[in-house]
Amino acid sequence: MVSGVVDVSDPNHPKEVYFGGPNFFTLQEMTKDLNVDIYPEDKSSTFPDPSLGIGSRIDIQRALPVEITDAKITKIYRTWQKTIDELFKENNIELLGQDSVDPLVSTSLRPDIKIKITRVAEVEVTEKESINYSVVKRTSVDVEKGQTEIDTKGVKGEKDVIYVIRRVDGVEVAKTKKSETVVKKPISEVVIIGIGPKYAKSGPYKDTINSAARNYLINGTALMCLMLRESGGTADTGYPDAMYKGLFQYEEGFWADISAKAGYGGSSIYNAQAQIFTTAYALTHGYGGRWPPWGGCANK
């Protein structure tokens, strides 16, 4: 004969009665035949002893099953304790730091109670992060206008950043920077922005022409072009009695006046440096029409 729950006067620990049939000689054989589970925490008794094989009465008083979800992991605990706090102590379940439990640990246990433990942890972690370098721009007449050069290549720095990581049930919910320490300073990148003239790449007096071009921010290639058109690059062209003389073919009267303004007063009309720098001065101070067609060379 099979029975079941017969006493619920203590709802936390109901009593059940079953009758095991003959020809079974252990409690395990009887409960298997009855399809009844007995858990280690339950209290049970049999009469007469199953080993007689004549059948037995089986009395079971159930431990209270309690569902606990701890950090999203659910497990059933069976207990005879009265409160959540006692159940936790029985099973070595500890609440640490900012952990919380619902309902409160002082709550009495009852059938179908469900307990949720939320685990909260804050830890400090150190992360290495890069520091971007700044870009410093400088102008230079030594670089042609429209061109750029990297004078110093930028190098990223490095810092150690300490974060406070907050995790709830193992899931990161917040990350707050606590401090940072620079381990290696970044090196700024220096970029040279060209504002200088176009320089002559070849030809007589190239270095002197480019020096004058740099001083007066004039096109060195065009200045070279003009010189070659006027004299072929020969400093004593027109010597001794031609009307126009020197690299850029000056009249002596005009030469005396304009060379003085350019800072070369008294210099020989055949002096290559004086002619080049004086011409650069003249071209940038409104005397460009003195050498037609200067415009053609200026486009070079």
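The values are calculated or read from the model by the stated rules, or taken from the named source; none is laboratory data. This one's a predicted model, so the numbers in the text were calculated from it and none came from an experiment. Reconstructed Cβ throughout: ideal geometry from the backbone, glycine too, with neighbour counts over all protein chains shown.
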Can you tell me how many residues in region 1-58 are free of Cβ contacts under 8 Å to residues at least 12 places away in the same chain, charged (D, E, K, R) and not in a loop (DSSP other than H, G, I, E, B)?
-> 2
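A quick yes/no check of all residues on (1) surrounded by 12 or more Cβ atoms within 10 Å (Cβ to Cβ); (2) touching a Lys or Arg at 6+ places or on another chain (Cβ under 8 Å); (3) within 30 Å of THR176 (Cβ to Cβ):
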residue	(1), (2), (3)
LEU27	yes, no, no
ALA71	yes, yes, yes
GLU86	yes, no, no
GLU94	no, no, yes
PRO103	yes, no, no
SER106	no, no, no
ARG110	no, no, no
ALA121	yes, yes, yes
GLU124	no, yes, yes
In the list VAL136, VAL141, which residue meets the criterion of being aliphatic (A, V, I, L, M) and at pLDDT below 95?
-> VAL141
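Could we say that ILE93 is outside the structural domain of ASP42 (by TED's automatic domain parsing) and in contact (Cβ under 8 Å) with a residue 24 or more places away in the chain here?
Numbers: outside the structural domain of ASP42 (by TED's automatic domain parsing): yes; in contact (Cβ under 8 Å) with a residue 24 or more places away in the chain: yes.
Yes.
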Report those strands (runs of 3 or more DSSP E) wholly inside region 135-233 carrying at least 2 residues which are within 30 Å of PHE277 (Cα to Cα).
-> 135-144, 148-152, 189-196
Please tell me if ARG78 is part of a strand (DSSP E or B), among the basic types (Lys, Arg), at pLDDT 95 or above and more than 60 Å from the chain's Cα centre (by Cα).
-> no
